Amino acid sequence: MANIAIGEAAIYVDGREVILRPSFANMQKIGTPEEIKETLWDCFNALQKQQAGLDLHYSDILPCSIVFDACGGDEIESRIFGQLSTSDDRIEWMPGIEPVENLIIMANHLLSWGINGKPSKGRLRKAANEKDGKEYLFDPLEFVGAAVAHFGMSTADAWNLTMVEFQRIMDSKYPPVDPKKEKHYMTADELRELKQRVGKSKPAKQR
């Protein structure tokens, strides 16, 4: 059963549940940090067009299908939501059983939870497109490295984390000093800086 509390979603096909998980590993399948950013904006723009009642082009739907496939729906995507067709020198999206509008909504859900997670009451996540006034690109590898280094996890377990799970472990290991003050979630770079400061503050060993 899908655990919606950590960002998972599910779709039922032929009487079985297919779980879609926005883990770091699955976010990595979308591509490079630059490609993840581009896919994020493409899916968001498709959602905006859909909500405005505008016609959807195959180029609007394709990025959403890439996210759906990456998160575990590759076996069913063509049957459920359709697929590209290039017959007769034309490129178009051939519909499936379910409307593509549902695919667009689900893709945006998975990206939102996979990249931003769900900030707790005491912490706020930095804007996904900004970091210290500069452009921020989401790189799953950064968070996997941080989980291995700071949480003592295996690489395989770290890659299987969702952003929400990473945030919850972070809250447990590094709770806010003052719960009344909102703090942003640490980035992988900030975690490395914290580790260096902690290392420098350790007392020298007695001989």
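The values are calculated or read from the model by the stated rules, or taken from the named source; none is laboratory data. All of these numbers come straight from a predicted model, not from anything done at the bench. Glycine also receives a Cβ, built like all others from the backbone with ideal geometry; neighbour counts cover every protein chain displayed.
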(message) Which condition from (1) assigned to a strand (DSSP E or B); (2) closer than 16 Å to residue 43 by Cβ is the one that residue 84 breaks?
(response) (2)
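Tell me which residues, restricted to segment 1-10, are surrounded by 14 or more Cβ atoms within 10 Å (Cβ to Cβ) and not in a helix (DSSP H, G or I).
Listed by number, the residues that qualify are 2, 3, 7, 8, 9, 10.
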(message) So if I check each of 21, 79, 16, which one is of a type in the set (Lys, Arg) and closer than 22 Å to residue 138 by Cα?
(response) 21
(request) For residues that are surrounded by fewer than 21 Cβ atoms within 10 Å (Cβ to Cβ) and under 19 Å from residue 16 (Cα atoms), scanning just segment 60-77, find the one that is modelled with the highest pLDDT. (result) 69
(request) Spot the failing condition for residue 121; the list is (1) at pLDDT 85 or above; (2) outside any helix (DSSP H, G or I); (3) more than 15 Å from residue 163 (Cα to Cα), and only one is missed. (result) (1)
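Taking segment 11-56 as the search range and keeping residues that are part of a strand (DSSP E or B) and modelled with pLDDT of 90 or more, which one is surrounded by the fewest Cβ atoms within 10 Å (Cβ to Cβ)?
Going through segment 11-56, the residues part of a strand (DSSP E or B) turn out to be 11-13, 16-20, 23.
Subsequent filtering for residues that are modelled with pLDDT of 90 or more retains 19-20, 23.
Numbers: 19: 14, 20: 22, 23: 25.
Ranking the qualifying residues of segment 11-56, first place goes to 19.
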(message) Contact list please: Cβ distance under 7 Å, first residue in segment 5-29 and farther than 16 Å from residue 78 by Cα, second residue polar (S, T, N, Q), pairs at least six apart or on different chains.
(response) 6/162; 7/162; 21/162; 22/162; 23/160; 23/162; 25/160
